[in-house]
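A.B. asks: Take a look at this one; I'll ask things after.
None of the figures in this text is laboratory data; all of them are computed from the coordinates on show. Because the structure is predicted, anything quoted here is derived from the model rather than measured. In this analysis, Cβ positions are derived from the backbone assuming ideal geometry, glycine residues included, and neighbour counts consider all displayed protein chains.
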Amino acid sequence: MAQPELKPLTPFPGSLALASSLAAVAGCLDALSLDRLTGTFVAFQSGNTVLVGLEIGQGHLARAWPPLVAVLTYVVGSALTPFVIRSGDGARRAPRRLLAWATLLLAADAGIVLIGFGTGSETPTGFLRYLGIVAATLAMAMQTPVVRTVDGVPVSTTFSSGMLVRLGQSLADLLHRSARPRELPVTRILVITNVAFLGGAILGGVAIEAWGNLAILLPALALPAIAVARGRFERAA
């Protein structure tokens, strides 16, 4: 008996508020992770790929492992997301399930940091450092599909390169008066989402200097707050 054809996943739409708030979480977490908690990115995997190549090129093979683990973990996490999306009552509530998994994984990362290395400025090392990389990176892999379009405009809440390309194209098209009604909303969405990345990273930089390892609580608490707010908005709609 032939199996039914597996339909491809459709990118989930979402509000600009949801996309920008999740982007801020990713920017904050990446800043905290790169500066102290893991020494790698956990959302921006292009950056990790460069770090792997840089360390290998300079002959520092041992130092290439942390960013490589992050890249491989992100791939594994992304491979798991279709199972999360298709489980339960189908795709309609999939963003809720993805956010729930991301929240749990980020909470686990916060626990690893605070229980394993305290609330001060100690940098995670050894096995727990790798465990933190895995937990945080899996969280970002789960977050990525939660919202992929805003009013028909493709967005990402964990990396910005593709959005910057589209933003540049949109800005160029704004030079043509006939294209402005179409491109102004695109520009607004992409600018706000990218500024949210930047704002989250700035906040992460300030927080890690002021609060030490306690700064991990910022993204760890923001993510469930966003999930709750999204659920309430969904019910109200």
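A.B. asks: Quick one: length gained pulling Ala17 to Phe233 fully straight, 0.36 nm per residue minus the C-alpha distance?
C.D. replies: That works out to 76.7 nm of additional length.
A.B. asks: I want the local charge near Val153. Using Cβ-Cβ distances under 12 Å, sum +1 for each Lys or Arg and -1 for each Asp or Glu among the other residues. Display every interim value, and only then the final one.
C.D. replies: Details: positive: Arg148, Arg166, Arg182, Arg188; negative: Asp151, Glu183.
So the surrounding residues net to +2.
A.B. asks: What list of ³J(HN,Hα) values in whole Hz, one per residue of the stretch 34-44 in order, does the Karplus curve 6.51 cos²θ - 1.76 cosθ + 1.60 (θ = phi - 60°) give from phi, with Gly and Pro shown as x?
C.D. replies: 5, 6, 8, 6, 10, x, 9, 7, 10, 10, 8
A.B. asks: Further question: Hey, could you grab the Kirkwood Rh for the stretch 16-236? Inverse mean 1/r over distinct alpha carbon pairs, Å, one decimal.
C.D. replies: Evaluated over the stretch 16-236, this radius sits at 18.0 Å.
A.B. asks: Please give the FRET efficiency for Thr10 paired with Ala62, using the beta carbon to beta carbon distance and R0 = 45 Å, rounded to the nearest 0.05.
C.D. replies: 0.60
A.B. asks: Give the Rg/Rh ratio for the stretch 32-114, taking Rg as the radius of gyration of the Cα atoms and Rh as the Kirkwood radius, to two decimals. Walk me through the numbers before you get to the answer.
C.D. replies: Working: Rg = 15.4 Å, Rh = 14.3 Å.
Dividing the radius of gyration by the Kirkwood radius yields 1.08.
A.B. asks: Which order do Ile192, Ile133, Ile112 fall in if you start with the one that has the fewest other Cβ atoms within 10 Å?
C.D. replies: Least crowded to most crowded, the residues run Ile192, Ile112, Ile133.
A.B. asks: Also, quick follow-up: Step through the residues of the stretch 135-148 one at a time and calculate ³J(HN,Hα) from phi using the Karplus curve (6.51 cos²θ - 1.76 cosθ + 1.60, θ = phi - 60°), rounding each to whole Hz and writing x for Gly and Pro.
C.D. replies: My calculation for the stretch 135-148 gives 5, 5, 5, 4, 4, 5, 5, 6, 6, 3, x, 4, 9, 10 Hz in order.
A.B. asks: Return, ordered by residue number, the residues of the stretch 207-232 whose backbone nitrogen is under 13 Å from a label point located 7 Å along Cα→Cβ of Asp35.
C.D. replies: 207-219
A.B. asks: To the nearest 10 degrees, how steeply does helix 94-117 sit against the main Cα axis of the chain, on a 0 to 90 scale?
C.D. replies: Here the helix axis deviates by roughly 20 degrees.
A.B. asks: Any chance you could give the angle, 0 to 90 degrees and rounded to 10, that helix 217-236 forms with the longest Cα principal axis of the chain?
C.D. replies: 30
A.B. asks: State which stretch of the chain is the longest one without any exposed GluC sites (Glu not before Pro), exposure meaning a DSSP loop state and at most 16 other Cβ atoms within 10 Å.
C.D. replies: 6-121
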